[in-house]
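Taking it in order: structure first as structure tokens, then the write-up.
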Amino acid sequence: MAALEKIPDKKETVIDAHNISKVYNADTVPVHAVNNVHLHLLKGEFTALVGPSGSGKTTLLNLIGGLDKPDSGQIYINGVDITRLSSGRLIDFRLQNIGFVFQSFNLIPVLTARENVEFIMLLQGKGSSVRDRRVKQLFGQIQMENKLDSRPAQLSGGQQQRVAVARALASKPKFVLADEPTANLDSQSASNLLDIMLKLNREEGMTFLFSTHDQRVIDRARRVIRLVDGRIVSDTAAVSTAHTQ
Amino acid sequence: MILLMAWRNIWRNKLRSLVIVLSIALGLFAGIAVLGLYKGMMKSRVRDVIDAEQGHLQIHEPGFKKDEEPKFILSDGQMLFNTINKLPQVKAASPRSVTNGMLATASGSAGVRINGIIPELEYRTSQLKAKITDGQPFDANRRNQVMIGKKLALKMKLKTGSKLVLTFTDSTGNLVSGAFRVAAIYQSNNTPLDERNVYVRIADLDNLLNIPGAFHEIAVLLKNDEEVVSVQTLLQRRFPGYQIENWREISPETDLLIKTTNQYSYIIMVIIMFALAFGIVNTMLMAILERTREIGMMVALGTTRIRVFFLILTETIFITVAGAPAGILAGWIVVGYFNKSGLNIAGMGKEMMSSFGFGTMVYPEFPGDKLPGILLIVIGTAIISSLFPAIKALRLRPAAALMR
């Protein structure tokens, strides 16, 4: 009897979080940064996490990204409960599965743009030919082929964030978490960055989950999750001109 | 990539890194200067022991060294001396009659070791003639002349031409005395030896000891220091009935001094580096506190803690070792300069130096043999200094670090 082949799920689950909570200052004045949140994200989604300051966006992203541990609940990434992983295994899990883009770029200042992107692949133990190919491809996608050897200090904020996106994608992660990626950018740079992210989402099916305050970014998201006081108060598919095109 | 990052990281704050690099260089320079001075002093001391005091080898009858009794003359001494003198490795050899006795003058007395010598041979073996500061070497036409050390001369108020009486027991145990006149006063780098040793002609002493033509000791000076053990072994094989000792065995205190000084040298380096370690720890801690967010980001992206630890360790080693070549070069230049011109340390107290057997003119020598040990201490310092900052970096929680 022929073995049953797994039918590829067009809507493969990437993130599945159940009842996750995070409380700061539990012993003094408890602050429920994330309160009993359920979140389900499918492959290829382009999701904005919105809400006022202190609503728990960054904490939720940190929990999903395995940068912090929830006080309760489970977070499954591609079927793996990351809340049960040891600190060492979690680091490796992040390296192989999650791409990060931070608000203030956070490139390694002593490395060139190319080296920043290569760094992740070196951690993964990839050979130089693989790295070279990927670097060429990514810098083509972010349209910065002429800035390969520039140090972060020699790049504009928008360029640095584009390199950060390339770095996040270098490891071929399952999804990318971006914490306020456009917060420090002017409107033109923010728009360019979003174009690149959307292009990657469309062409490579890369899943993006990003927090933002920026209405222009929210307008272009396919799904918008609103957080208030650590709770999800709405989860809607936004009407986006970018997607309807 | 970690090595590249570590190297570039240390130059992020050039002034701060240069200060620590300079401190390491200065510390190493100071250490090398001290070690070079020690090495020069020790070498000079060893040269004095070999060239001006004991010779490379000494040969005695087995019972002689215990109480230095005059009856223990070297049997077949002349044959032994002739054989030794013909060895190609031998530069000079000097037979000596030796006894312990009392030196008396009108003003007092002192215990002395009386060395009966053949002047021409002794001058070549122990440079006695070169040490004369007052008077003339032994006159071949005069009998019962004595050469005394400056310290003893001062103590006994003796001058050249002064008379003194030496009293001791002869080979048969009878008390004998002889009147001698001071021909010369000598001074070496070793005051205690100057105070204790007097020199007379071997014929004069043998006559009083009643051992005509015999002697107790042969001091041997070799052409090459490295041949001591081989010549000693050769002689011991050919003349198994004699006690043949090398300078380390004759002067164990010098050997001990060298070994102790070697240990002290490393202790001095460790103390210098220990003091510098605080500066290194401080610098690295500042560097890490400034980069808290960056380190948190690296861990967030998937850099293992062991890699972060290795990065901090490498940075610390780089910043520490970067100062080493400059320190070593400066040490080499300065020590090399004084090796040629000499360093007069009379200011430290000529008397004090001399009482320990050291001269006041030191020719420091670059401690190349200790360089691997020094570098190990430097690298050890770097590793130890990196531990605290590295552990601090390892304790960073990426989420908290990224918030800063």
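The values are calculated or read from the model by the stated rules, or taken from the named source; none is laboratory data. In this text, all values refer to a predicted model and were calculated from it rather than measured experimentally. When we count neighbours, we look across all protein chains shown, and the Cβ atoms used for this are built from the backbone with ideal geometry, even at glycine. We work out accessible area using only protein heavy atoms, side chains counted, and drop any ligands, DNA or RNA first. Shrake-Rupley method; radii C 1.70, N 1.55, O 1.52, S 1.80 Å.
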Checklist entry - For the stretch A:82-109, how many residues meet the condition of being at the interface with chain B (Cβ under 9 Å from one of its Cβ atoms), closer than 10 Å to residue A:66 by Cβ and free of Cβ contacts under 8 Å to residues at least 24 places away in the same chain? => result 2
Checklist entry - Listed residues B:73, B:50, B:59; which is touching a helix residue (DSSP H, G or I) at 6+ places or on another chain (Cβ under 9 Å) and either part of a helix (DSSP H, G or I) or free of Cβ contacts under 8 Å to residues at least 12 places away in the same chain (or both)? => result B:50
Next on the checklist: If a residue counts only when it is touching a His at 6+ places or on another chain (Cβ under 6 Å) and at pLDDT 90 or above, which strands (runs of 3 or more DSSP E) contained entirely in the stretch B:127-234 have at least 1 such residues?
Outcome noted: B:217-222
Checklist outcome for this item: Among (1) closer than 24 Å to residue A:15 by Cα; (2) modelled with pLDDT of 90 or more, residue A:136 falls short only on (1)
Next on the checklist: When the residues of the stretch B:42-81 are narrowed to those that are over 18 Å from residue B:223 (Cβ atoms) and of a type in the set (S, T, N, Q), which ends up least open to solvent (accessible area, probe 1.4 Å)?
Outcome noted: B:44
Item to check | Scope the stretch A:58-114; condition among the acidic types (Asp, Glu), outside any helix (DSSP H, G or I) and surrounded by fewer than 18 Cβ atoms within 10 Å (Cβ to Cβ); matching residues | outcome: A:71, A:81
Item to check | Residue ID - nearest to residue B:357 (Cα to Cα), chosen from residues in the stretch B:209-229 that are in contact (Cβ under 8 Å) with a residue 40 or more places away in the chain and open to solvent by 40 Å² or more (accessible area, probe 1.4 Å) | outcome: B:225
Checklist entry - Taking helices (runs of 4 or more DSSP H) that do not extend beyond the stretch B:251-337, which have at least 1 residues that are under 22 Å from the mean Cα position of the chain (by Cα)? => result B:252-290
Item to check | Sole residue being of a type in the set (Val, Ile, Thr) and in contact with a Pro (Cβ under 6 Å, 6 or more places away or on another chain), chosen from A:64, A:20 | outcome: A:20
Checklist entry - Can you name the number of the only condition in (1) away from chain B (no Cβ under 12 Å); (2) farther than 16 Å from residue B:299 by Cα that residue A:112 fails? => result (1)
Item to check | Candidates B:356, B:366, B:338, B:309, filtered to the one that is within 14 Å of another protein chain (Cβ to nearest Cβ) and either surrounded by fewer than 20 Cβ atoms within 10 Å (Cβ to Cβ) or under 30 Å from residue B:53 (Cβ atoms) (or both) | outcome: B:309
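Here's the yes/no breakdown for (1) surrounded by fewer than 18 Cβ atoms within 10 Å (Cβ to Cβ); (2) within 14 Å of chain A (Cβ to nearest Cβ); (3) not in a loop (DSSP other than H, G, I, E, B):
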residue	(1), (2), (3)
B:3	yes, yes, yes
B:9	no, yes, yes
B:22	yes, no, yes
B:27	no, no, yes
B:31	no, no, yes
B:36	no, no, yes
Next on the checklist: Given the condition more than 30 Å from residue A:216 (Cβ to Cβ) and at pLDDT 90 or above, answer yes or no: does some residue in the stretch A:9-18 qualify?
Outcome noted: yes
Next on the checklist: Return the residues of the stretch B:369-404 that are among the charged types (D, E, K, R) and either surrounded by fewer than 16 Cβ atoms within 10 Å (Cβ to Cβ) or outside any helix (DSSP H, G or I) (or both); say none if nothing qualifies.
Outcome noted: B:369, B:395, B:397, B:404
